[in-house]
């Protein structure tokens with residue numbers, strides 16, 4: 001014996017509510033849940049003048065760094081050492097890639113070497129510049145932008161380390177927001193890049 005199915009007035013309302021909820025969720029997902037982050041760039045110093053001519057050829061490798069800094073996020077370090085991101089802010093590219101490009105441009109702006117390039121640019125270098133980014137963040141405890149980069153000049157043929165040095169800069173950051181943090185880190189990096197170019201003689 002079959003029992004005829006009866007429609008329930010409750011089910012359509014539940015289905016409509018579920019459909020509305022799903023639609024709202026999809027709309028929010030499509031919008032990214034908020035506004036897009038503001039993108040900031042780093043600059044290559046130009047106003048430090050020529051620092052001596054040279055015919056040397058130099059290849060600048062992409063800097064190495066820890067995983068936390070190998071990203072496009074603007075990072076804040078608190079007093080306990082914990083890392084967090086500045087909301088609504090990002091760099092134009094990964095930090096190591098941006099630092100490599102701006103370092104090459106700083107060498108060019110200073111007229112320091114005869115030819116400076118990145119790996120794969122089809123030049124025969126006399127030396128390579130190897131760098132490692134130790135810090136590239138806002139220090140929340142002191143309210144400063146901290147940039148620390150180690151550099152090694154290595155003979156291309158011998159692999160011998162000719163010289164090595166740690167470069168450090170700290171710049172007041174003010175409020176820890178996207179524009180203030182990005183500008184302070186850019187100024188700190190500019191100090192480091194100028195010192196590094198003058199050092200690599």
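A short reminder: the numbers here are calculations on the coordinates, not readings from a lab. Bear in mind that the values here come from a model prediction, so they are computed numbers and not experimental data. In this analysis, Cβ positions are derived from the backbone assuming ideal geometry, glycine residues included, and neighbour counts consider all displayed protein chains.
Report, largest value first, the span of the C-alpha coordinates of the stretch 61-133 along each principal axis, in whole Å.
So the extents along the principal axes, rounded to whole Å, are 44, 20, 20.
Order these peptides, 148-159, 179-190, by their mean beta-carbon neighbour count within 10 angstrom, highest first.
Averaged packing, sorted descending, gives the order 179-190, 148-159.
Kindly state, to the nearest 0.05, the FRET efficiency for residue 67 paired with residue 124, given R0 = 45 Å and r defined as their beta-carbon distance.
0.85
Tell me, what is the FRET efficiency for residue 35 and residue 132 to the nearest 0.05, using R0 = 45 angstrom and their Cβ-Cβ distance as r?
E between residue 35 and residue 132, to the nearest 0.05, is 0.80.
Any chance you could get the radius of gyration and Dmax over the Cα atoms of the stretch 38-199, in Å?
Rg then Dmax for the stretch 38-199, in Å: 15.9, 48.
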